[in-house]
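Quick note: the coordinates plus some simple rules give every number you see, no bench work behind them. All values derive from a computational prediction rather than experimental measurement. Here the Cβ positions follow ideal geometry from the backbone for every residue, glycine too, while neighbour counts run over all protein chains shown.
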Amino acid sequence: MFFAPRKSATNASQLRASTRISNLEGNRTLDESARKNRRTRQLDGLEQDNSHDDPHANIIWNKAAPKFGDEMIGGSAKKPKKTKDDKPGPSVHGDKARRRKLARPEFNKQRFKKSFNAHVTEQTKAISSSADADYRRINAYFLSTAPPSCKPPRKFCAACGKTSNYCCTRCGAKYCGIKCRDVHNDTRCMKWLA
Amino acid sequence: MSHTTVILDNGAYNMKIGKLDCEAPSLIPNSIVKAKHEKKRVFVGHEQSDCSEKFSLFYVRPIERGYVVNWDTQQQIWENTFKHLDIEPTTSRIAYTDNNYLIPALPDVSNEIFFEYFGFNEVYKASASTLVAEHSSQINNKKCAVVVDAGFSMTTVASFVDGVLIQDSVIRIDVGGKALTNKLKDWISYRQLNVSEETYVINECKEDICFVTLDFDRSMKHAKKRYEENTIDMRYVMPDFHTTFKGILKDPKEPTDNTPSIVLGVERFATPEILFNPSDIDIDQCGVAEAVIASMSQCPEALRPCLAENIILVGGSACFRGFRERMIQEVRSMLPSEYGINVSEDVENPETHAWQCGQQLLQNVKVPWINRKEWEEKGESLEYSKFFKTLVSSDELKESRNFEEQREKSPKEEDEDF
C-alpha cells in the first residue's frame, strides 16, 4: 500500500544511482577496445626516436652569423654564399641531382600525417597497378609479420617488474601485491598516456 | 674503370662502412644529433664523437622500422661520411645493403643518390641477410642457412638455399634494439629516475649490463631475494660528462655519494627477454627462437635438417651476453632430437659480420654490378631481377595468386546466384 510495487531490478538501481556517484572515477572501467587502444599507443611509443622536443626548434638563424666550418680570416658576407653553392657539387651530376630532388618522395614532411604502414600500403598499391608487376613485392611486408606465439603470455607487475598474480579491475594492468597496487593506483591507473 | 670498392652496410643505428681492402669497417652512427648545450651546430654521423655532453640528445634518424624514409637526412650523413673516410665516389663503386631486398616494402631511391648526386660508377645491392647467406653458401660451402638479423628497428629470420631466399620463410618481428632501449627507459623512468630524455646513456647502460638469461624463472627467483642473497641487482652510476664519460658498474650495497645512479634488478634480464618473448610487453608476435622454427617449417621438409645445421645470428642486438646460448637451448628443445644444430659457429662479431661477409664475397666471387646506363634504361625492375633472388619467381607467384583469387571469387559468385 505504502510502496509502489517494484517493476524490475534495473529500474530500482537506476532510481538509486545519483549522477555524483556514477561519475566517480572509481566506477569507470575501461572496456576491451579502450585497453587495446592504450596498448597500441604504448607500442607505437617504442618506435619513437625521441621523447622530448627538438631543442633547436625555436632557434632563429642569423644569416650573417658565421657558419661552422667557415674560416676565421676574411669571414665576409660573401663566404657563406660560396659554401652554399659548393655544397651540392661533389659530383659531376650536381645539376641533375637538384632537378631530380623534386621528384623524390618527401617522407619527412608527411611523416606526421601518415603512418609507416600507410606508406607501405601505398607502395604495394603502386606496384600492383603497374603493368609488369613483380608479384614478390606485393604485400611482402605484411605477409612477413611474425605469427602469434603458441605460448601463453606471461604476467609481470607493472610497478616492479616481477611476476604478478593480480590484475587492476579498472585498467587491466597487472600488479604483484598491495604495495604495487597502491603505487599503480596513485600514478598510472587511468592516467597512463591518457 | 672502378678503382676502389666501398662496402656500406646501412644499419639504422650504426653504418658499417669501409673500403674493400681495409681490415674492419668503420662504425659510424647513422643519425644527426642535436644537443641542448650546443645550439650553434648539429652533429652529423661521425661528428658525434666531438659532442662532449651527451645529455638529452635529440636524434634525427633517416631509418624508420628498418627502411630509409628520410632520404635527405640520409644523403647528408652519407656525404659527410664519404668525406670523412676519404672516399671519392666518382672513381669507386659501392656495395650497399637495404632491407627492401629481403622484405620489399618502400620505394628505394638510393640509386638516384648514388649515381646522380655522388656519381658512383657501379652499384651492387643486397640485404644484409642475403650477404651472410651467400657468403655461407659460396665461401663456406654450406647448402642451407637460416639468417637471424636482430637489428635496431626489427628482427628478421629468413631461410636460404644456395644463397637464394625462400620468400615464404621470411619472418619479421617488430622488436629491435630501439624498442628495447625505449622499454628500459620507460621502466627506469617509472620506477626510479626520469631518464626519458637520456637515450644515449640508457642505450649504453643496456649494452653494458643487460644479459639474456638461460633460465628465466630461476633468474626471477634470484631477483626477488633480498640484500646479500640477491645476485642480480647492480648499480649503474650515470656519467656526468665532466669527470666520467661512461657509466660505472657498482655493487648496490656500497654506500653512494650524490651522483645520480640507478639500480637495475629484473630489468637486466627482462629487457633482452623481450626478443625471445614479445608477448611480455603485449606484442602479439612470437619470439626469435620460435620464429626460427616457423621459418624452417615454411621450407620443404627435406631441407630442414640442413637448415638447422647452419643458423647464423647477426645484428647488434645479437651481441647480448648469452644470446647464442639461449638460442641453442630454445631451438634444440623445439626440434626433433635427430636433427643436428649449429648456431653461429664462425661469427666473431655479429654487428659487423654482414660487412665481413660482403667483403669476402666481393673479393672471391663475381657479383652482378649495375652501372648508371643500365639503370637509366631499365630502372627499378632491373634491380629486383638482379639483387632480389628468390626460389619462387614472380611469374610462378602470379599464377598461384591468380589461382587463389579465382578460388576466392568463385564462392562469391555462387552466393550472388542464390
Most exposed to least, judged by fewest other Cβ atoms within 10 Å, B:His353, B:His84 sort to B:His84, B:His353
Low-density loop chymotrypsin sites (Phe, Trp or Tyr not before Pro), the stretch B:209-290, at most 12 other Cβ within 10 Å, DSSP non-H/G/I/E/B, are B:Phe245
Average partner chain C-beta neighbours within 10 Å, per residue of A:39-50?
-> 6
Unit charges at the beta carbon, dipole of the stretch B:173-305: most positive-side option, B:Trp187, B:Tyr236, B:Ala294 = B:Tyr236
Looking only at Cα atoms, what is the convex hull volume of the stretch B:17-64 per residue, in Å³?
-> 96
Note down the relative contact order for chain B as a percent, whole number, built from C-alpha pairs under 8 angstrom at least six residues apart.
-> 17
Average other protein chain Cβ within 10 Å of Cβ, residues A:147-156 = 6
For B:Val392, B:Val266, what's the fewest-to-most ordering of other Cβ within 10 Å of each Cβ?
-> B:Val392, B:Val266
The long-range amide H neighbours of A:Thr145, using H built 1.01 Å from N in the peptide plane and a cut-off of under 5 Å, are B:Arg172
Could you give the size of the charge dipole of the stretch B:48-173 about its Cα centre, using +1 on the Cβ of each K and R and -1 on the Cβ of each D and E, expressed in debye and rounded to the nearest 20?
-> 460
Once phi is turned into θ = phi - 60°, what whole-Hz ³J(HN,Hα) does the Karplus curve with 6.51, -1.76 and 1.60 give for every residue of the stretch B:320-327, x standing for Gly and Pro?
-> 4, 4, x, 4, 5, 4, 5, 4
Packing-based order for B:156-166, A:173-183, A:35-45, using average beta carbon neighbours within 10 Å, highest first = B:156-166, A:173-183, A:35-45
Enumerate the amide H contacts of B:Met154 below 5 Å, restricted to partners 5 or more residues apart or on another chain; note that Pro and chain-start residues carry no placed amide H.
-> B:Gly177
Any chance you could list P(r) for the stretch B:242-342, counting all Cα-Cα pairs in 5 angstrom bins from zero, rounded to whole %?
-> 2, 9, 17, 17, 14, 11, 9, 7, 6, 4, 3, 1, 0
Check the stretch B:177-274 and count each lysine pair with an alpha-carbon distance under 13 angstrom, considering only pairs eight or more places apart or from different chains.
-> 4
Scalar couplings 3J(HN,Hα) for the stretch B:134-150 by Karplus 6.51 cos²θ - 1.76 cosθ + 1.60 (θ = phi - 60°), nearest whole Hz, x for Gly and Pro, are 5, 4, 5, 7, 8, 9, 8, 6, 10, 6, 10, 8, 10, 9, 9, 10, 8
Chain B, Kirkwood Rh and Cα Rg, ratio Rg/Rh at 1.00
Looking only at trypsin sites (Lys or Arg not before Pro) in DSSP loops with at most 14 other Cβ atoms within 10 Å, what is the longest site-free stretch of chain B?
-> B:41-224
Starting from the alpha-carbon convex hull of the stretch B:177-274, give the projected area averaged over all orientations, in nm².
-> 6.3
Distance from the Cα centre of the stretch B:58-94 to that of the stretch B:9-26, in angstrom?
-> 12
Per-residue Cβ neighbour rank within 10 angstrom, fewest leading, B:Val33, B:Val68, B:Val148 = B:Val33, B:Val68, B:Val148
Derived scalar couplings ³J(HN,Hα) [the stretch B:295-304; Karplus, 6.51 cos²θ - 1.76 cosθ + 1.60; whole Hz; x for Gly, Pro] | 5, 5, 6, 7, 9, x, 4, 5, 7, 4
Excluding residues on the same chain fewer than 8 positions from B:Lys40, give the aspartates and glutamates whose Cα lies under 18 Å from its Cα.
-> A:Asp53, A:Asp54, A:Asp70, A:Glu71, B:Asp50, B:Glu53
So who's got an amide H within less than 5 Å of the one on A:Tyr166, skipping anything under 5 residues away but keeping other chains? H placed 1.01 Å off N, in plane.
-> A:Tyr175
Loop-located GluC sites (Glu not before Pro) in the stretch B:1-79, at most 10 other Cβ atoms within 10 Å (DSSP) | B:Glu23
